[in-house]
């Protein structure tokens with residue numbers, strides 16, 4: 001597991017769980033991550049995404065793609081207790097958040 005400098009373990013675990021749940025449902029999927037200013041990273045790795053977010057902007061969007069389309073997005077506040085603050089209101093994202 002990645003040693004993060006700014007994101008607390010509880011928040012990292014929550015973000016990691018959302019990423020891994022998406023990839024469990026769609027193993028060939030990937031994330032495009034944006035902060036409030038620009039593109040951050042494209043990756044399938046929770047650890048690489050967390051490393052890219054650590055120390056960066058206080059808000060990010062995790063956009064999940066599979067089968068040639070965006071299946072949904074998750075709003076992330078990586079330094080806050082409720083770090084997943086919003087998500088696409090669709091079946092895919094709602095099921096991920098139930099997990």
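The values are calculated or read from the model by the stated rules, or taken from the named source; none is laboratory data. Predicted, not measured: the structure shown is a model, and the values here were computed from it. Cβ: placed from backbone, ideal geometry, glycine included. Neighbour counts: every protein chain shown.
The residues of the range 5-27 that are farther than 14 Å from residue 74 by Cβ and either part of a helix (DSSP H, G or I) or under 9 Å from the mean Cα position of the chain (by Cα) (or both), listed by number, are 9, 10, 12, 13, 24. Among residues of the range 2-21 that are surrounded by 14 or more Cβ atoms within 10 Å (Cβ to Cβ), those with a beta-carbon under 6 Å from a residue that is at pLDDT below 95 and assigned to a loop (DSSP other than H, G, I, E, B) at least six positions away or on a different chain give the pairs 21/99. Assigned to a strand (DSSP E or B) and either free of Cβ contacts under 8 Å to residues at least 12 places away in the same chain or on the phi < 0 side of the Ramachandran plot (or both), is that true of residue 75? Considered against the rule, which asks whether it is assigned to a strand (DSSP E or B) and either free of Cβ contacts under 8 Å to residues at least 12 places away in the same chain or on the phi < 0 side of the Ramachandran plot (or both), residue 75 comes out as yes. When the range 55-72 is limited to residues that are in contact (Cβ under 8 Å) with a residue 40 or more places away in the chain and part of a strand (DSSP E or B), the one that is surrounded by the fewest Cβ atoms within 10 Å (Cβ to Cβ) turns out to be 66. Would you be able to say whether some residue in the range 46-54 is outside any strand (DSSP E or B) and exposed (fewer than 12 other Cβ atoms within 10 Å of the Cβ)? Scanning the range 46-54, I find no residue that is outside any strand (DSSP E or B) and exposed (fewer than 12 other Cβ atoms within 10 Å of the Cβ), so the answer is no.
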